[in-house]
Structure formats: structure tokens, C-alpha cells
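Data first, discussion second: the structure below is written as C-alpha cells.
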Amino acid sequence: MAEIKQIQRLDLNLLKVFESLYLEQNMTKTAERMNITPSAVSHAVKRLRDCLQDPLFERSQNKMVPTPACKRMAPLIIDNLSRLRQILQQWGEFDPLTSKHHFRVAMHDALEPTILPSIAKVLFEKAPNITFASVKVERNQLAKGLTSGQFDLAFDIALPLKPPIRHENVRNDKFIVLMDRSHFLLKNAGCAKLPITHEQYFKAQHISVSHRPTGAVLEDFMLHQQGFTRTVSVRCQNYYAAKEILKGSPFLLTLPSSFGAQLVDDDLVTVTLPFDMPPISTHMYWHQNTEQDSALSWFRQALHKIMVDNHQQQTQMPS
């Protein structure tokens, strides 16, 4: 087995000789292919043998036949050399149709159902070989993650971040109410313009959604700013749990319209809030250094268009 220190000092040019000799299985042809002397090929092979502690090739008539260990490892080495060449050839260039780039996007998991399906559909049409991952990040770590390259872009509410972190508002969601279709308030509403009144909303029992165990959620914070307080009877960690609790219950769930579009079904209905509340903004964040990278610039522009188009579709909600 090769020693780690020897591997770390290995001249990677030797792997090019190894690749050629494995394919040609002949010292002379390898020398001609690489435009070096046969003795240089022999010297390179000896250095590899010393490093990897394996004969690598054994002479049989006019052929250099690979050893069993060589046969096992050579395809992996050759494949990775090929990948490295492809990366270096594409340095500074990005073709979405052929690129195999991997992108990372940070977002709260509540945003995933409203964003990821559209991203996957559009990107796999325009860039079929790329891959991407959605990763979770705490808000106080967002700037650090973008600076370190832990992820390429991030989506979150409006945050007080300064350059070199840049951001752009890509979606404004109005708040709506999601409730059971057979809710007694709807039965009593008749043909009223607003299904529920201001008084009914604040007398009702509410569900809130937050990963935090305590503290006001965003909509409560915004209500408090207007001097309003509501009764939260159930607090859960995700909107899909809240959706199931709503069915057959007297509870109301206040949430952004794009989230409501994902949750509404035959048992639930969305209604307008009986008072004005500022919309919630979703911003896209990136580090200014990435603006010089063609792949990341393309990715940012593609996601910006996806967000705008996606929001237009989701605001046309069924009721």
C-alpha cells in the first residue's frame, strides 16, 4: 500500500504517462504519443512503482501487461484525469447545455415547496446535466455562508445585510387566511364581500408555524406593530402539519399567498384578510464576487426569472 506522504509528493505528470502506457501497453508507442523518449517513460513508471509499491506493468513479449491492481485502479484514474481536463477546458466558460456544474441554494425549508419544483423543471430543461441542492442556513449565518462559498445563492425575507452581500426583491406575498371549507364562519358569511370580519378574525383560534419553540412569529410581529393581538391555540413546525390540523377544525391559518397556493385542496379554502397587512418580501442574496463568474451569473439570472414567473402563477390561486 502506498504511503500518504509519497502520494502527497507525487508528480501528477506521471499519471499522464501511466494513462498512456495503460492504453498503449507499449513503451515505444507511449513515448511517441507523449513526444518523450522511451527511457523517460521507463523512468516515470519506476517512480510510480516506488510510490504505489506495485509493479503496475509486467513485460510479456512486446506488451506491457497491467497487474491486477493496475487493472482495478487504472479506469478510475483515467476517468478522473478526463474529468480534470474537462474542468480546465471549461475554465471561465459556461455552457448550460453541456455543463455538469453543481449549484447550492440556501433557503428555509418552508420555501422549498414554493420554489424548488419550478427550479427543477426549468433548469433541467435549459441545463440538463447540472445538479443543485437546497441547503438550510440560519439567518445569522447567511452572509458568512455566501462569503465562504458554502452556497451560491440564498432566499430569505428582507435582511439588513451590507456589501459585499448583494440582494434583490424577487417576490412580494400578501397574507391570506387558510381555513376549512365547512368552517362555521363561512357558513354564516352568506354573500358578504369579506367571508370573515375583523372582529371574527381576532375572536377566532389560530395556528402559527415556527421552528422556534417560543416567541412571536412573523405575522404576529406585524400584527403587534398595528396594535392587534390574536389567540394562537396551536403552534407547529411546518405548514403541512398545520394544513392537516385545519381540516374539520375551527382554527384559522394566516400565511403568505404563495404558501397557501401549495396547501389549498378540496377540503380547504383561502379567504382575504379582513384588514390590511404589509406583504412579506422574499429576497435573493449573493456575494458580489460571484458576479464575475459566468456559471453563477447565469444561475442567478435563471433563478430570478423563475421566481418572477413562479410568483405570477401562484398568485392566481383557486378559492
(request) Towards the positive end of the charge dipole of the chain, with charges on Cβ (+1 Lys, Arg; -1 Asp, Glu), say which of SER60, PHE275, ASN129 has the farthest Cα. (result) SER60
(message) Please report, in whole Å³, the volume per residue of the convex hull around the C-alpha atoms of the chain.
(response) 196
(message) Shape verdict for the range 11-85, please, from the Cα gyration tensor: rounded (a/c under 1.5), prolate (a/b greater than b/c) or oblate.
(response) rounded
(request) Can you check what the Kirkwood hydrodynamic radius comes to for the range 175-278, Cα pairs only, in Å to one decimal? (result) 13.8
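Mind checking the full-extension length gain between VAL65 and GLU93? Use 0.36 nm per residue of separation minus the Cα-Cα distance, one decimal, nm.
Difference between extended and current length: 6.1 nm.
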(request) Rounding to the nearest 20 debye, state how big the charge dipole of the range 175-278 is about its Cα centre with +1 on each Lys and Arg Cβ and -1 on each Asp and Glu Cβ. (result) 160
(request) Counting only C-alpha contacts under 8 Å and six or more residues apart, can you give the relative contact order of the chain as a whole percent? (result) 20
(message) Taking 8 Å as the Cα distance limit and 6 or more residues as the minimum spacing, I'd like the relative contact order of the range 4-89 as a percentage.
(response) 27
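Any read-out appearing in this document is the output of simple, stated calculations on the displayed coordinates, not a laboratory observation. Note that the coordinates shown come from a computational prediction; the quantities given were computed from them, not determined experimentally. Note that each Cβ is placed from the backbone with ideal geometry, even for glycine, and that neighbours are counted across all protein chains shown.
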